[in-house]
1. Going through K164, K199 one at a time, which residue ends up being charged (D, E, K, R) and either in contact with an Asp or Glu (Cβ under 8 Å, 6 or more places away or on another chain) or touching a residue at least 24 places away in the same chain (Cβ under 8 Å) (or both)?
2. Looking only at residues that are assigned to a loop (DSSP other than H, G, I, E, B) and either within 19 Å of the chain's Cα centre (by Cα) or surrounded by 17 or more Cβ atoms within 10 Å (Cβ to Cβ) (or both) in the stretch 264-288, which one is modelled with the lowest pLDDT?
3. Would you list the helices (runs of 4 or more DSSP H) that sit entirely within the stretch 289-383 and hold 3 or more residues that are aromatic (F, W, Y)?
4. Within the stretch 15-31, is even one residue surrounded by fewer than 19 Cβ atoms within 10 Å (Cβ to Cβ), in a helix (DSSP H, G or I), in contact with a Leu (Cβ under 9 Å, 6 or more places away or on another chain) and touching a residue at least 24 places away in the same chain (Cβ under 8 Å)?
5. Need pairs with beta-carbon distance below 9 Å; first residue under 14 Å from I85 (Cα atoms) and within the stretch 57-70, second part of a helix (DSSP H, G or I) and acidic (D, E); sequence gap 6+ or separate chains.
6. Could you check, for the stretch 37-47, whether at least one of its residues is crowded, with 21+ Cβ neighbours inside 10 Å, closer than 30 Å to E207 by Cα and without any contact (Cβ under 8 Å) to a residue 24 or more places away in the chain?
7. Looking at (1) within 22 Å of the chain's Cα centre (by Cα); (2) at pLDDT 90 or above, can you tell me which one N101 breaks?
Amino acid sequence: MGTDLVSSKIEVDDLLFAKRFGLQIGEDYSHAIEVMTVFPEYALLKYRQILEQICSKLCSQHQIQIEYFDTLHSQIKELKHQGWIDGRLSSVFSELKKLTNSAVHKTLSQSDDSDFKNNPEFQQLRSQADENRKLQLIKDAERGRELLLQVMTACGKEFKCIAKNETLVMAKLESLELNTLILNALNSNSAHEKFMGGKAIEKMLTEQQAESESLIENDVDTAHRKSQLKIALSLYKAAVDIDAELDDLPISMWGEPNKAADLRFSRSRAEYLFHFADIAINEDLELGIEDQGLTALRIAAKKGFAPAMALLGARLYTESQFSEAYELLMAAAMSDSMLALRFLYHYYSDGEACDKDPDLAKQYIEKACELGCTQSMINISYDYFNGNTFSKDIDKAKKWMKLARDKGDVRAKFAYEAFFGNKLQEITKAFTDELMDRLNEFGVDNKQQPISVGQKVGVNEPCPCGSGKKYKKCCRNKLI
């Protein structure tokens, strides 16, 4: 009859395919793709969360106890060891994991550039570095999508989410721009769109600051920045309130306002709580909401959101609440939080929370460096240079500072030039000259007076240097 009994290939785009893994993975994937070019770091964060969910599903399916393999690294390693994923797929998992480490947050992990705010050269380099980093993050997000598609394809067969005659393709999406995200947020009652609107405003503010020609923030700049942050904060708060779905609560609950307020945070997603808390706590907006921010941050941390655990742990450490800080930092470090790893280095190197432990301090700081945290590279470089925690080693100090510099950290570029370049000698000479001038000014009446050539002094006479000793027991043997 000439009938073709072989079924033709059916193309399934990755957005539809991701939904077959569950509602959460489907949402995370579509949210990442729609903003991949304007928020590449957010896309990478979502890829990381999806990878963690898939690994968790694989471990559960093959009865691998997650309580013993509680990090993404250990799960990938164990899945390979037991033969559930082969070497090639394990490499894909590991590359995606490493790639998503570049998704860092605007928190205490950022370098403090206040020392260089009046330096035009630094500001110009920082602007260029920010632009280069943005382009690299976009490339990373595009590569991450490719890798995640490979992961989902392989695991789709494992979870029976894909038919033999289906082939996966990447959906063609027009990435949403910042203005569109903000407009959508203002006209939508969707918690996610409110949230993305807040992120868009923060992103726009960051870009405006990077392009500003003014090196010192004046009153107008301050008012402008605070007004934008207040809008972003209100959108994050709206996302929290909408996501809480308080309309579902029994009417009797509304008679207890405090309980309803607590439930508002408890019922919302940790991601929304974290971004609300980040502004409420770290920005001085004179709104009197820091306590709300701390409550939101604590609840987000309690929900197991690694960035919230890291930020709260870092904050508690700076407040000398070491016991609680340690537990939070250790939990966040399990998810490869650079901020948590860096503060665990401080925990064991500062000598405030416990006796110094150079081995543990080195373990955590080098792990943060391995994940790409340039601030940690600067920290370990300074440590080796000064010999604070580790034995003084100028070669190692130079190596770590150079690595941070080569990764585009502008502070590291300046520090490398100052400590290991030609400027070190200039700085040392200038410091020495100034020190000697100060000493001469301060001690001119007390300094030892030189003895003129040809001056005759009896060996038993008082020494002319003014020491009060006899000449033979003082400066006689010092003359050349």
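1. Going through K164, K199 in turn, the sole match is K199.
2. E283
3. 338-349
4. Yes, because at least one residue in the stretch 15-31 is surrounded by fewer than 19 Cβ atoms within 10 Å (Cβ to Cβ), in a helix (DSSP H, G or I), in contact with a Leu (Cβ under 9 Å, 6 or more places away or on another chain) and touching a residue at least 24 places away in the same chain (Cβ under 8 Å).
5. Final answer for the pair search is K57/E158; L58/E158; C59/E78; Q61/E158; I64/E78.
6. Scanning the stretch 37-47 turns up at least one residue that is crowded, with 21+ Cβ neighbours inside 10 Å, closer than 30 Å to E207 by Cα and without any contact (Cβ under 8 Å) to a residue 24 or more places away in the chain.
7. Only one criterion is unmet by N101, namely (2).
The values are calculated or read from the model by the stated rules, or taken from the named source; none is laboratory data. If you're wondering where the values come from, they're calculated on a predicted model, not measured in any experiment. Note: ideal-geometry Cβ built from the backbone for every residue, glycine included; neighbour counts use all protein chains shown.
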